[in-house]
Amino acid sequence: MDDLTMDLVRLCQRNRDGSYGTQNNRRRGLSAMANDLVDLGYKLPSATSLKPKHVEALVERWLDTDTSDASIRNRLTWLRWWAEKINKVNVVNRDNATYGVAERGEVTRNRAQALDHAKLATIESPHIKASVLLQAAFGLRREEAMKFQPQAAARADHIALQASWTKGGRARTVPVTTLEQRQVLEHVLRLVPGAGSLIPPEMSYVEQLKRFEYQTLKAGLRNTHGLRHGYAQQRYAALTGRICPLQGGKRWADMSGNERAADRAARHKISAELGHGRLKITDTYLGSAF
């Protein structure tokens, strides 16, 4: 057990708020956050070391793994409890929407973002810029976009993501269907002409991740996972010829038989392109048709 986890356990023991079940869930949740922070390269010496950048990093990680809004709300509640107990309540924003998370009662929040190229231009690292471009053009997760190896992935009509780059170790392909995608792919091929990824050879993954977080936040590109949502919604429109329910498009009850078939087929295709094993997760990106 590392120093942060031990300190969080002690914090929970000193502050027994709520029922036994609430306390137990909170303790487990905070311990999991301590593990997440270690994975993200943050070795906090104590609970009092919590800062806004740590909260941002955790939320981005949860969004990147498509954690449900309800689960993220619970985790933010535990984070706010943690911040309150160390007298640093302003470390966690009180508004869940700030983090792109739906409030209780909302079906879901549209997290989709379009890439702001003016903000992108202010990012110093060309490798980080390229990773962000890949997120927007191909709907990649942040880690996938950082570990992307252009020479190994580029094909004539698709990109091939290797299992070692992806969540759950599931290799997959994403089609190249637009001029923008081809231009992005050509750009990253020029940037990394030989073997290698968009993590510079002198940097470790954790070092590049911290630099990614710092430079994108400084540029005003918070929660780049929203670019993945934007990709999913663009693909839905391209495949069906209409906007998705989350953007105000038709729901299932209002669709014709052909439209329902197109909706279902599009969701299956988009789910595969995003690397999801369960079709239901597309509701987070597209809205429920039912």
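The values are calculated or read from the model by the stated rules, or taken from the named source; none is laboratory data. Source: prediction; values computed, not measured. Here the Cβ is made from the backbone with ideal geometry for all residues, glycine too, and neighbour counts use every protein chain on show. With ligands, DNA and RNA removed, areas are computed over all heavy atoms of the protein, side chains included. Shrake-Rupley method; radii C 1.70, N 1.55, O 1.52, S 1.80 Å.
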Is it the case that region 66-73 has a residue that's open to solvent by 30 Å² or more (accessible area, probe 1.4 Å), of a type in the set (S, T, Y) and under 25 Å from G168 (Cα atoms)?
yes
Quick one: in region 39-65, of everything that is surrounded by fewer than 15 Cβ atoms within 10 Å (Cβ to Cβ) and of a type outside the set (S, T, Y), which residue is farthest from H276 (Cα to Cα)?
P45
Could you please let me know if R27 is open to solvent by 10 Å² or more (accessible area, probe 1.4 Å) and touching a Cys at 6+ places or on another chain (Cβ under 8 Å)?
yes
Every residue in region 75-96 that is among the hydrophobic types (A, V, I, L, M, F, W, C) and without any contact (Cβ under 8 Å) to a residue 24 or more places away in the chain, please.
V89
State the number of residues belonging to region 157-190 that are farther than 13 Å from A136 by Cα and among the acidic types (D, E).
2
So, of the residues in region 180-218 that are among the hydroxyl-bearing types (S, T, Y) and out of contact with any helix residue (DSSP H, G or I) (no Cβ under 6 Å at 6 or more places or on another chain), which turns out to be nearest to K129 (Cα to Cα)?
T216
Which residues, taken from region 1-46, are more than 24 Å from the chain's Cα centre (by Cα) and of a type in the set (D, E, K, R)?
D2, D3, D7, R10, R14, R16, D17, R27
Taking region 252-290 and keeping only residues that are modelled with pLDDT of 90 or more and either part of a loop (DSSP other than H, G, I, E, B) or within 20 Å of E103 (Cα to Cα) (or both), one is left with M255, S256, G275, Y285, L286
For region 161-176, give me the residue count where each residue is outside any helix (DSSP H, G or I) and exposed (fewer than 14 other Cβ atoms within 10 Å of the Cβ).
2
